[in-house]
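Here is the structure we will look at, set down as structure tokens.
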Amino acid sequence: MIAHPASARAARDVVLVAGEASGDLHGADLVATLRRRVPGVRVRGIGGARLRAAGMDTLIDTRTLATMGFVEARERLGAIWRAYRRMRRIVRAERPDLLILIDFAEFNLALAGVAKRAGVPVLYYVSPQVWAWRRGRVRKIARRVSRLAVVFPFEVPVYAGSGVRADFVGHPLLDRVRVVRDRAAFAAAHGLDPAKRLVALLPGSRAKEMQLLLPAMAEAATRLTARGDVQCVLALADTLSEADIGVSMRGAALPFPVVRGETYDLVHASDVAIVASGTATLETALLERPMVIVYRTAPLTYALARRLVSVPFIGMPNLIAGRGVVPELIQDGATADRMAAEVERFLDDPAHAAATRRALAEIRPALGGGGAAERAAAIAAELRA
């Protein structure tokens, strides 16, 4: 393997923290690219199955930490605190060449402070959404972080004048979202009726998320399939299991198929998707499929979030477009009736569905070109104590 010119002086001992499923996804591409760029680099830290497959030594699994809100986080406080103490000890005692942080804001910003005091440079890849809530964190980030590799172009001006350099590297999903099977092949592989409309159900990547959303999604799907011209398929995230479905449905069977590891093919084959707010909404947008964005959380978490969030939408497609391209059903609005009604609007109004697809097609060019992991890895290779 031919080393890049920077590899001789690059960071060789890297600690990386990806505390959520999306971070595991983006981190895997970064680690794989960094390992090609810097032969012999050692990467360890917090991650999931994808980071392990990319060659990282996962000291703590992301699944033990992932949570979805202020109140819900109480259930994981013990695991989160133990993970933080372990990572803090490594950064303080072993002083790695570089600390790479991916999203997971509160945990990672605290760890960034430890690294700063220990003289360890910090690269934040997929930075906290300060443009959406708690913008005052910009100053804290600037004090604790050496460089930022941001994935939305509108994030760069947010950090202007703060003292920390923010480089727009493009969005990693541009390289990740690919379709393997076309609609006909996907339908044949799963015994679907090619003459019926297909609705994809994406209830999220966290167990609590699924518990709050899947029952209403399943009821909406039952109402839609009762039309006779609709079929539904659920995409099960890699971070969840069939047992999580059982808990969410309280033992009731799902009246439609479940697929795992084929989410992009499912969404591409679908006419409409019902999608939990998060990374999956942007993935669905890149596949140019109309969607209904849904989300529920604990009432106290929602009340707190409403006071803190300063943007008009929660879905990334709408935020990037700057308008309500697709409907958002949040909290008490995320009912089976409303989910089914919004889906039927797309199914029964071809002009509305076509206009939505055209609007979604504008999102990809707004995210820059591909190669986010390569650009972020180049920054990582430059940084070292």
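Please treat every number below as a calculation from the coordinates, not as lab data. In this text the structure is predicted, and so the values were computed from the model without any measurement. Cβ coordinates were reconstructed from backbone atoms using ideal geometry, including for glycine residues, and neighbour counts include every protein chain displayed.
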1/(1 + (r/R0)^6) with r = Cβ-Cβ of L300 and A351, R0 = 45 Å, i.e. FRET efficiency to nearest 0.05, evaluates to 0.65
Positive-end residue, the chain charge dipole about Cα centroid, Cβ charges, pick of A220, L109, P290: L109
Neighbourhood charge, 13 Å Cβ-Cβ cut-off, centred on A355 and excluding it, Lys, Arg +1 and Asp, Glu -1: +1
At 222 nm, what helix-only mean residue ellipticity would the chain give, in deg cm²/dmol to the nearest 500, using -39500 (n - 2.57) for each DSSP H run of four or more? -13000 deg cm²/dmol
Cα axis of helix 77-94 to longest principal axis of the chain: angle in degrees, 0 to 90, nearest 10? 30 degrees
Formal net charge of residues neighbouring V267 (Cβ-Cβ distance under 9 Å; K, R +1; D, E -1): -1
Go ahead and collect, in residue order, the members of the stretch 336-350 whose backbone nitrogen is under 19 Å from a label point 7 Å along the Cα-Cβ direction of R323. 346, 350
Considering the zone a paramagnetic label at V156 would reach in this model (a point 7 Å from Cα along the Cα-to-Cβ line), which residues of the stretch 355-380 have amide N under 11 Å from it? 368
Measure nothing but the geometry: give the 0 to 90° angle between the long axis through the Cα atoms of 299-308 and the longest principal axis through the Cα atoms of the chain, rounded to 10°. 60 degrees
Distance in nm between A49 and V258 label points, each 7 Å along Cα→Cβ, equals 1.3 nm
Mind putting together the pair-distance distribution for the chain? All Cα pairs, 10 Å bins, whole percent per bin, short to long. 5, 23, 33, 25, 12, 3, 0
What number, in percent, do you get for the relative contact order of the chain if the mean sequence gap of Cα pairs under 8 Å and at least 6 apart is divided by its residue count? 19 percent
Output ordering of 17-27, 155-165 (per-residue mean of other Cβ within 10 Å, highest first) is 17-27, 155-165
Could you work out how far helix 21-37 tilts from the main Cα principal axis of the chain, as a 0 to 90 degree angle to the nearest 10? 50 degrees
Label-point separation in nm, T222 to A189, each point 7 Å along Cα→Cβ: 3.0 nm
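Tally Lys/Arg at +1 and Asp/Glu at -1 over every other residue whose Cβ is under 15 Å from the Cβ of A188; what's the total? Mind showing how you got there, number by number?
On the way: positive: R181, R183, K196; negative: D182, D193, E262, D265.
Overall, the nearby charge balance is -1.
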